[in-house]
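Colleague: Mind having a look at this structure? Questions to follow.
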Amino acid sequence: MTLIPIYFLVLFWGSRERRVRASYFISLYTLFGSIFMFFNILYLYSKTGSTNYEVLLEVDFSKLESRILGLTFLLAFAPKVPLFPFHIWLPEAHVEAPTVGSVLLAVLLLKLGTYGIIRFAIPLFSEGVLYAVSLFSILSVMGIVYSCLCAIRQIDLKKIIAYSSVGHMSVVLLGLLANNIEGLEGGIFQMLSHGVVSGAMFFCVGTFYERHGVRSLKYISGLAYVYPLFAIVFLVFSMANISFPLTSSFIGEFVILMGVLNQSFWIVFFASTSMVLGAVYTLWTYNRIFFGNLSVLSIYLYKDLNTKEISLYSFLLFCLFFMGLFSYLFFDFIHYDCVLLLERKLSAYN
């Protein structure tokens with residue numbers, strides 16, 4: 001249901017000729033994962049005579065069945081997270097999609113993968129998920145490090161944020177796979193936080209693109225002189241992107257790493273590089289855009305934030321700090337469901 005609209009959104013409203021390649025990437029990677037799920041559903045129907053979710057929750061699968069089904073369900077959702085090495089489609093799609101398409105991808109579509117794991121993979125095939133935790137934790141750590149290193153080398157603003165999303169969603173997956181309440185709650189909270197921060201960052205890139213028609217760091221510099229208000233807004237969202245205290249991202253990633261620490265020190269050690277390397281490419285990007293020599297193009301197109309943009313960014317800033325300062329409201333809301341989900345997961349382990 002989501003693949004068809006985003007396919008045409010990128011194909012018809014993309015900004016460059018590579019939009020055709022990007023739309024095919026989205027389709028192929030999604031269908032690659034869906035094929036596993038399709039045959040799994042057929043198998044479940046042939047075994048139980050039903051595809052009703054409530055009925056399937058009561059079915060006792062054998063250890064082998066649960067492991068195979070759990071692993072293939074995780075593979076089905078992996079391209080949507082996106083998990084390394086199934087992430088190739090995301091930078092392409094973000095670069096070619098219009099601003100609205102990039103925001104939809106970051107805020108909604110990336111959450112379908114992690115939602116599917118929470119909703120289907122863990123409750124139905126807890127034994128299989130536990131069996132695959134080590135593999136997917138390693139892939140998540142590789143995705144974190146790889147995406148940060150790739151982001152440092154990019155000059156396209158959308159690609160920088162896209163690789164940043166790969167790293168942040170890999171951290172979310174680490175939390176969901178941790179066998180404790182901190183990791184699970186932190187992963188769900190970080191899903192919400194990432195939607196706010198990443199969506200805001202893509203809106204910021206859209207603001208640049210509307211004024212200049214370019215997203216490359218080679219053509220943008222010294223904008224703090226002519227866009228002082230926008231420079232402040234972009235700085236706040238950039239700090240949130242590297243999990244600065246008082247922001248929602250700090251709470252989410254801190255709780256996730258605290259939960260994963262109970263499982264493995266080394267996974268936390270390598271996952272923490274996302275904060276260090278994230279600060280490198282985020283601050284470097286901000287410095288290139290807003291400081292240095294003022295480009296002539298920026299002078300001729302002087303236009304700080306308008307009323308519509310101020311309203312949008314004000315709402316996003318409110319969400320960002322509200323989640324950061326009153327995070328306990330969200331944790332209290334999801335705590336009971338997370339306890340039930342964790343009990344089901346650990347009962348399979350025992």
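Colleague: Among Asp60, Asp156, which comes first, then next, by fewest other beta-carbon atoms within 10 Å?
Modeller: Neighbour counts put them in this order, fewest first: Asp60, Asp156.
Colleague: Right, next: Sorted by mean Cβ packing within 10 Å, highest first, what order do the peptides 185-198, 234-247 take?
Modeller: 185-198, 234-247
Colleague: So, one more: When the Karplus curve 6.51 cos²θ - 1.76 cosθ + 1.60 is applied with θ = phi - 60°, which whole-Hz ³J(HN,Hα) does each residue of the range 134-147 get, with x for Gly and Pro?
Modeller: 4, 4, 6, 5, 5, 4, 5, 5, 4, x, 5, 5, 4, 5
Colleague: If you take every residue apart from Tyr29 with its C-beta less than 14 Å away from the C-beta of Tyr29, what net charge results, scoring Lys and Arg +1 and Asp and Glu -1?
Modeller: Surrounding charge for Tyr29 is +1.
Colleague: OK, next. Nearest 10 degrees is fine. How inclined is helix 181-212 to the longest principal axis of the chain, computing both from alpha carbons?
Modeller: The helix 181-212 is inclined about 30 degrees to the chain.
Colleague: Now a separate question. Could you work out which residue, out of Leu184, Leu112, Leu64, moves most in a Gaussian network model of the chain, that is, has the largest mean-square fluctuation with Cα springs under 10 Å?
Modeller: Sorting by GNM fluctuation, first place goes to Leu64.
Colleague: Which lysines, if any, have their Cα less than 24 Å from the Cα of Lys111, not counting same-chain residues under 8 positions apart?
Modeller: Lys80, Lys158, Lys159, Lys345
Colleague: 5 Å is the cut-off here: which amide hydrogens, built 1.01 Å from N in the peptide plane, fall below it relative to Ile88, excluding neighbours closer than 5 in sequence?
Modeller: It is none; the list stays empty.
Colleague: Further, regarding this structure: For the chain, set up a GNM with springs between Cα atoms under 10 Å and report which of Thr282, Thr51, Thr114 has the largest fluctuation.
Modeller: Residue with maximal mean-square fluctuation among Thr282, Thr51, Thr114: Thr51.
Colleague: Please give the net charge around Leu192, taking every other residue with its beta carbon less than 12 angstrom from that of Leu192, where Lys and Arg add +1 and Asp and Glu add -1.
Modeller: 0
Colleague: Rounded, prolate or oblate for the range 228-290? Axes are the square roots of the Cα gyration tensor eigenvalues, ordered a ≥ b ≥ c, and the cut-off for rounded is a/c under 1.5.
Modeller: oblate
Colleague: Cut-off is 10 Å between beta-carbons; in what order do Ser140, Ser216, Ser27 appear when sorted fewest neighbours first?
Modeller: Least crowded to most crowded, the residues run Ser216, Ser27, Ser140.
Colleague: Rounding to the nearest 20 debye, state how big the charge dipole of the chain is about its Cα centre with +1 on each Lys and Arg Cβ and -1 on each Asp and Glu Cβ.
Modeller: Value, rounded to 20: 1080 debye.
Colleague: At a 10 Å Cβ-Cβ cut-off, how would you order Tyr29, Tyr45, Tyr115, fewest neighbours first?
Modeller: Ordered from fewest to most neighbouring Cβ atoms within 10 Å, Tyr29, Tyr45, Tyr115 come out as Tyr45, Tyr115, Tyr29.
Colleague: A further question on this structure: Using r as the Cβ-Cβ distance of Asn293 and Ile334, and R0 as 45 Å, what FRET efficiency do you calculate, to the nearest 0.05?
Modeller: 0.40
Colleague: Give the residue from Ser126, Val260, Leu74 lying farthest towards the positive end of the charge dipole for the chain; charges sit on Cβ (+1 for Lys and Arg, -1 for Asp and Glu) and the dipole is referred to the Cα centre.
Modeller: The residue sitting farthest along the positive end of the dipole is Leu74.
Colleague: Take the chain, connect every pair of alpha-carbon atoms lying under 10 Å apart with a spring to form a Gaussian network, then pick out the residue of Leu71, Leu157, Leu261 with the largest mean-square fluctuation.
Modeller: Of the options given, Leu261 has the highest mean-square fluctuation.
Colleague: Now a separate question. Using the Karplus curve 6.51 cos²θ - 1.76 cosθ + 1.60 with θ = phi - 60°, work out ³J(HN,Hα) for each residue of the range 312-326 in order, rounded to whole Hz, and write x for Gly and Pro.
Modeller: Coupling constants for the range 312-326: 5, 5, 5, 5, 5, 5, 4, 4, 4, 7, 5, 5, x, 8, 10 Hz.
Rule-based calculations on the coordinates, nothing more; no lab input. Every value quoted in this text rests on a predicted model; they were computed, and no experiment measured them. So basically every Cβ, Gly included, is an ideal-geometry build from the backbone, and we count neighbours across all protein chains shown.
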